[in-house]
Amino acid sequence: MEKNLISIIIPVHNEENNLSLIYKQLKKVLDNTNYLFEIIFVNDGSTDNSSAELDKITNNDYTVKVVEFSRNFGKEAATTAGLEICHGSACIIIDADLQHPVGLIPEFLQKWESGADVIIGVRHENKGEGLIKRAGSFIFYQTINVISETEITPRATDYRLLDRIVIEEFKKLKEKNRMTRALIDWLGFKRDYVYFNANERLYGNPSYSYLKLFRLAVSSYISHSLFPLKFAGYMGIFITSSSTLLGLSMLIDKFFLEKPYKMNFSGTAMLATIILFLIGIVLSCLGLIALYIGNIHTEVVGRPMYIIKEKVNF
């Protein structure tokens, strides 16, 4: 670790048109600071010309480093690889799509110099963000902060600075299915915030599709809260109690009351409806339990989170 070295970690997936742009913007901003920098691009199995663009950059600037994955392992794995391989006394994680304003890096550094261990970039607005994504993000943060043991900052992004002490503690975490920003929030430490409006993406498509975002949300619910599993148990108790009371009321109405209530449904139909309802509850609970078991299976299999095919300029 070098005291005056700051690591810039950039996950990359199919960002061929953005790489030279973010590199030039970074150089322009970083050259006006009093720190040394290492720029680490983590190429997460890109299928476009991202590798060729990165080769152009590294051939002209030997301070730029590249980690090539053997295939696409996901943004969380790419971010983790950057954190595990960086050498700076602090690191800054930033997306390659230019939606995170590069010009805010000096503000991140200033807050770090003032004593914060984690500086989190929080979006006010995201230009070009659709209604579905905005609504989904709102629902996710509202629900996760109700059921999770760890408070997660709403509208927080992966654009953040981490002190070396935070990086070392993060490297001890072994979860395979992870949401990096949630794990960083779980670690604690002294925090500060930088608020910004995200730029509109100039080229390419977001690496996170709606399906990937949904999977990430489900993984976060399971990883950071036992409430869904407990809720299944509570629901089972409630349904069992309600069914018992309903059964007793039917018996009393039929055998003990002089003028039983006249119902339009036959006993067979009522019984079938109740059975179907209970089966639905049981299957829902089994599906929920299966998610937890699947998560446990992923962790205990012990496969690496990513595989590095090549390193450049290390």
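Coordinate-derived values only; no laboratory data. Here the structure is a predicted model, which means the values were calculated and not measured. FYI the Cβ positions are ideal-geometry reconstructions off the backbone, even for glycines, and counts take in every protein chain you see.
Structure data summary
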| quantity | calculated |
| --- | --- |
| Environment charge of residue 49, counting only residues whose C-beta is closer than 13 Å and scoring Lys/Arg +1, Asp/Glu -1 | -4 |
| Per-peptide average of other Cβ atoms within 10 Å, ordering 45-52, 74-81, 6-13 highest first | 6-13, 74-81, 45-52 |
| Cβ-defined net charge surrounding residue 66, 10 Å radius [Lys, Arg +1; Asp, Glu -1] | -1 |
| Sorted by Cβ neighbour density within 10 Å, fewest at the top, the residues 87, 100, 124 | 124, 87, 100 |
| Under-5 Å amide H pairs with residue 38, H placed in peptide plane, nonlocal only | 6, 7, 8 |
| Modelled FRET efficiency - R0 25 Å, residue 52 with residue 28, Cβ distances, 0.05 increments | 0.60 |
| Sequence of 164, 181, 303 once ranked by neighbouring C-beta atoms within 10 Å, starting from the fewest | 303, 164, 181 |
| Per-residue HN-Hα couplings for region 158-168 [Karplus 6.51, -1.76, 1.60; θ = phi - 60°; Hz; x = Gly/Pro] | 7, 6, 7, 10, 10, 5, 4, 5, 6, 4, 5 |
| Residues 158, 97 arranged by fewest to most Cβ contacts within 10 Å | 158, 97 |
